[in-house]
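Right, one structure below, let's go through it.
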Amino acid sequence: MELQALIFDVDGTLADTERDGHRPAFNAAFAEAGLSWHWDEGLYGELLAITGGKERIRHFAASRDPAFLDHPDAELRIRALHAAKTRFYLAELANGAIPLRPGVARLLRQARAAGLRLAIATTTSPENVAVLLRSTLGAAAPGWFEAIGAGDVVAAKKPAPDIYLWVLQRLGLPAAACLAFEDSANGLHASRRAGLATVVTHNDYTADQSFAGAAALLTGFGEPGAPFRVLAGDAQGRTHVDPELLRIWHRTAVVL
Ligand code: XBP
Ligand code: MG
């Protein structure tokens, strides 16, 4: 089946948002609420195993501050902390503090020019996606994506396949007509369970994870003057991801 659409994860894939974006926003929310919690870079790397900000806060409280969860208002307090975190994070994005990963803007433009449809499948909150796209690619960029699956639109977050299945339904396409892009093992599990061939561009937080089953594993999307390194798969001697290479990977990927 011909490749028709590309479905992108956001955090860690389109942009390195976690260490210097989401993490300080969580910490600012904790400080504002008078909590002594602080997520340093190492601890945050461990907490990334839990996708979803509210889920991550709940998990942290359960393991490090269980008394917090005994409070009858614990769920409300988690929601309030997460709303504050989102407010801090959006302010960072709006300041242009978080750029796209190298090659992302070029690839998105080339994909549009090549007639490929675009979509997003992420566990982060929808407003975070819209503001990231607008602050990096311009006001019209959210409209480039026919489906933006984000946050609580599905009950089960990655590594469950639900967000990818939601996006496929919105696109009206079978998994076999699409390629997914991920940076983490949780994300790859989600896309593969949805039946999607998946290109992985890992990053500092995910480099040690296992990416068995990826159509290709790369250090990034690459640019003509700044090539990616290929860690698994056949990049046909190319230096960067472009629609032609994606069509080759889509044709040759084995989806179980
Ligand atoms: C991203 C996440 C998100 C962000 C925080 O995972 O797990 O929770 O860290 O966003 P993926 P929110 O890249 O696999 O989608 O606080 O808005 O949940
Ligand atoms: Mg990710």
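Readers should treat all values here as calculations from the given coordinates under stated rules, not as data from a laboratory. Keep in mind it's a predicted model, so treat the numbers as computed, not measured. Cβ coordinates were reconstructed from backbone atoms using ideal geometry, including for glycine residues, and neighbour counts include every protein chain displayed.
Can you compute the modelled spin-label distance between V153 and R87, with each label point 7 Å from Cα toward Cβ, in nm?
Spacing of the two 7 Å Cα→Cβ label points: 2.6 nm.
Calculated from DSSP H runs of 4 or more alone, at -39500 (n - 2.57) each and per residue, what is the 222 nm mean residue ellipticity of the chain, nearest 500?
Numbers: 10 runs with 106 residues, N = 256.
Per the formula, -12500 deg cm²/dmol.
In whole angstrom, note down how far apart the Cα centers of the stretch 133-158 and the stretch 37-102 are.
Their Cα centres are 20 Å away from one another.
For the chain, set up a Gaussian network in which alpha carbons nearer than 10 Å are linked by springs, and say which option among L171, L188, L132 fluctuates the most.
Fluctuation is largest for L171.
Taking amide hydrogens as modeled 1.01 Å from N in the peptide plane, which residues meet the under 5 Å criterion relative to L218, leaving out close sequence neighbours?
HN-HN under 5 Å from L218: V200, T201, H202, L231.
Based on other C-beta atoms within 10 Å, arrange L69, L168, L245 from fewest to most.
Values: L69 13, L168 25, L245 19.
With the fewest neighbours first, L69, L168, L245 line up as L69, L245, L168.
Compare G187, G52, G237 in a GNM of the chain, Cα atoms joined below 10 Å, and give the one with the largest fluctuation.
Largest GNM mean-square fluctuation: G237.
Charges only on Cβ, +1 for Lys and Arg, -1 for Asp and Glu: so what's the dipole of the stretch 1-148 about the Cα centre, in debye to the nearest 20?
460
Please list 3J(HN,Hα) in residue order for the stretch 198-207, calculated via the Karplus relation 6.51 cos²θ - 1.76 cosθ + 1.60 where θ = phi - 60°; whole Hz, with x for glycine and proline.
Coupling constants for the stretch 198-207: 9, 9, 10, 10, 7, 8, 3, 6, 10, 4 Hz.
Between A216, A31, A185, where does the largest GNM mean-square fluctuation fall for the chain, given springs only between Cα atoms within less than 10 Å?
A31
Applying the Karplus parametrisation 6.51 cos²θ - 1.76 cosθ + 1.60 with θ = phi - 60° to the phi angles of the stretch 235-241, what ³J(HN,Hα) value in whole Hz is obtained for each residue in order, glycine and proline being reported as x?
Each residue's phi maps through the Karplus curve to give 8, 6, x, 7, 9, 8, 6 Hz.
Would you mind calculating the gained length between H38 and A140 on full extension (0.36 nm times residue separation, minus the Cα-Cα distance), in nm to one decimal? Could the numbers behind the result be given before it?
Working: separation 102, 0.36 × 102 = 36.72 nm, distance 3.63 nm.
Here the answer is 33.1 nm.
5 Å is the cut-off here: which amide hydrogens, built 1.01 Å from N in the peptide plane, fall below it relative to A147, excluding neighbours closer than 5 in sequence?
I120
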